[in-house]
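Bear in mind that the values in this text are calculations on the coordinates, not laboratory data. Fair warning: this is a prediction, and the values are worked out from it, not measured in the lab. Here the Cβ positions follow ideal geometry from the backbone for every residue, glycine too, while neighbour counts run over all protein chains shown.
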Amino acid sequence: MTKPVVTRFAPSPTGYLHIGGARTALFNWLLAKHSGGKMLLRIEDTDRSRSTEEAVDALLDGLSWLGMDWDGEPISQYSRVDRHREVAEQMVKEGTAYYCYCTPEEVNEMREKARAEGRPPRYDGTWRDRDPSEAPEGIAPAIRLKAPLEGDTIVEDQVQGTVKFANENLDDLILVRSDGNPTYMLAVVVDDHDMGVTHIVRGDDHLTNAARQTLIYKALNWDVPVMAHIPLIYGPDGAKLSKRHGAIGAEAYRAMGYLPSAMRNYLARLGWSHGDDEIFSTEQMIEWFGLDACGKSPSRFDFKKLENLNAHYMRSEGDEELYQHFLTYLMDVEGGADVMAWLAGDGNQDKFMAALPGLKERAKTLVELQESARYLWVQRPLDLDAKAEKILSDEAKAVLGKVLPALEALTDWTVESTETAVKAVAEAEELKLGKVAQPLRAALTGRGTSPGIFDVLVVLGKDESCARIRDFAA
Ligand code: GLU
């Protein structure tokens, strides 16, 4: 029987869940879900200065927003230092690691000397075979791995293929520093082993680490997990992903009005493919995901594609769900609190829900949704934008003076009845419909562009609509 799949996401807290990390988390999550396994979460919080509670919360918040859950409690790497030290001591006992009493200065000298002689800068093995009785007194030793001096270390990578590292280039790496702190290299191996991780999926910037970690696994006689190192995400120009081109945190995407469903779909396509499919539901991704379809070439981040996908998900998301996403979005953004306060008002949520089906067809993001729904909560008298200002000429105001009584006379207030009334005025005045609709739009929304004008009339209701028109009618 094969072991159930256990993946893990192991971020270092930096204050946010950056986009590359989100993609790594997604691949681990998809792999776990696909195989009916588990994804564990380990916070690599050994850098105490950066590992604040807020930084950890930002990670969990980002994952939750993206709809990725993890199994069990998040594990703190720092809380496991005693275990890391214990394993290193055990390795010393077993002869696969040794105490090294070199001072940092001595190690530096070794490196310099190697460099000067044209050799790769590495530890020269001074304490590798020296008798422990020679240990100087009063000096706390570091613990180093007794790495093989010859041969190769092979990483069988599911994405990169078979990658060979010459052992002579791999140092007798430090497992525990002389101050007693375990190194990252040791901690990752011990944690992954103890957590029962079967698959490690992470960025290919960790590929060399994979070789070093393999040495530690071998020294401990532990099974090496399946490894998959996925290419990093680059900018549209192929250069390192910059802030401007997307190297930002999940919360920034949330504030830009992207939906979690669109983000998941987009991130999955950054390095994984399923034929020519561009759009797939989360269920489909789970069903189809596999490491064999993860590409070796780096992916490029493209805001335009993300936006197009987002527009798709805006249209296809259920109204109730979209509303919930809108509320979450409002919590982050400027002016959001005001909109939320308005939504809490009597009957206002109903108004918003009535407008939503029309609004979501055209809004590519929640930012655009907020902008196009703005007419719902603005207060009379409306501020006009430059376009609306221009539309509302004296002539246009006179047209409004003609439309107003026609609308006021209506007993039935629907898209059809308002449209018939407005068309009748246009015909009587021998005007194109636009010449009537544009002034109406400006008066009702304060903007030169808006959702369909008859929808706006109906959502606002007769009283509010007529009052807004009256404010500008001549
Ligand atoms: N903490 C590492 C990082 O954020 C990941 C370590 C790993 O996945 O092995 O890059």
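What nm distance separates the two modelled labels at residue 243 and residue 276, each placed 7 Å from Cα along Cα→Cβ?
Label at residue 243, label at residue 276, 4.0 nm between them.
Within 10 Å of each residue's Cβ, count the other Cβ atoms and sort 462, 304, 296 from fewest upward.
304, 296, 462
Per residue of the chain, what 222 nm ellipticity follows from adding -39500 (n - 2.57) for every DSSP H run with n ≥ 4, rounded to the nearest 500?
Mean residue ellipticity at 222 nm (helix-derived): -15000 deg cm²/dmol.
Step through the table entries 164/304; 305/423; 304/387; 351/397, compare each Cα-Cα distance with 30 Å, and write down the pairs that go over it.
164/304; 305/423
Just how far, in whole angstrom, is segment 208-226 from segment 111-158 if you go by their alpha carbon centroids?
Centre-to-centre (Cα) distance: 17 Å.
Between residue 316 and residue 164, what length in nm is gained on full extension when 0.36 nm per residue of separation is reduced by their alpha carbon distance?
Full extension from residue 316 to residue 164 adds 50.0 nm.
For a Förster distance of 25 Å, can you work out the FRET efficiency between the beta-carbons of residue 374 and residue 420, rounded to the nearest 0.05?
The computed FRET efficiency comes out at 0.35.
Which GluC sites (Glu not before Pro) in segment 384-474 pass both tests, a DSSP loop state and at most 10 other beta-carbon atoms within 10 Å?
Loop-located and lightly packed - 430.
Past 26 Å, Cα to Cα: identify those pairs from 38/360; 243/390; 33/240; 113/146, in the order given. Could the numbers behind the result be given before it?
On the way: 38/360 36 Å; 243/390 38 Å; 33/240 31 Å; 113/146 21 Å.
Among 38/360; 243/390; 33/240; 113/146, the Cα-Cα distance tops 26 Å for 38/360; 243/390; 33/240.
Enumerate the calculated ³J(HN,Hα) couplings along segment 270-282 in order (Karplus 6.51 cos²θ - 1.76 cosθ + 1.60, θ = phi - 60°), each rounded to whole Hz, writing x wherever the residue is Gly or Pro.
7, x, 10, 9, 9, x, 9, 4, 10, 10, 9, 6, 4
Using amide H atoms built 1.01 Å from N in the peptide plane, name the residues 5+ places from residue 40, or on other chains, whose amide H lies under 5 Å from its own.
Amide H to amide H, under 5 Å and 5 or more residues apart or across chains, residue 40 pairs with 7, 8, 9, 71.
What shape does segment 368-417 take by its C-alpha gyration tensor, where a ≥ b ≥ c are the square roots of the eigenvalues and a/c under 1.5 counts as rounded, a/b above b/c as prolate, and the rest as oblate?
Since a/c reaches 1.5 but b/c is at least a/b, the shape of segment 368-417 is classed as oblate.
What ³J(HN,Hα) values, in whole Hz, does the Karplus curve 6.51 cos²θ - 1.76 cosθ + 1.60 give for segment 368-373 when θ = phi - 60°, with x put for Gly and Pro?
Values, residue by residue: 5, 5, 4, 5, 6, 8 Hz.
Going by the alpha-carbon gyration tensor, a ≥ b ≥ c the square roots of its eigenvalues, is the chain rounded (a/c under 1.5) or, if a/c is not under 1.5, prolate (a/b greater than b/c) versus oblate?
Because a/c hits 1.5 or more and a/b exceeds b/c, the chain counts as prolate.
Under the rule of at least 5 residues apart or a separate chain, name every residue whose amide H is placed under 5 Å from the amide H of residue 234.
299, 300, 301
Taking the beta-carbon count within 10 Å as an exposure proxy, list 39, 256, 285, 353 from fewest neighbours to most.
353, 256, 285, 39
Quick check on segment 87-161: take the gyration tensor over C-alpha atoms, sort the square-rooted eigenvalues as a ≥ b ≥ c, and tell me if it's rounded (a/c under 1.5), prolate or oblate.
Working: a/c = 2.46, a/b = 1.27, b/c = 1.94.
Here segment 87-161 falls in the oblate category.
Just to be sure I understand the model, the point goes 7 Å from the Cα along the line to the Cβ. What's the resulting residue 328 to residue 354 distance in nm?
Modelled inter-label distance: 2.9 nm.
Considering only DSSP beta bridges with both partners in the chain, what is the antiparallel share in %, to the nearest 5?
Among the beta bridges of the chain, antiparallel pairing accounts for roughly 50 percent.
Could you tell me the center-to-center distance, by alpha carbons, between segment 436-463 and segment 43-72 in angstrom?
Their Cα centres are 45 Å away from one another.
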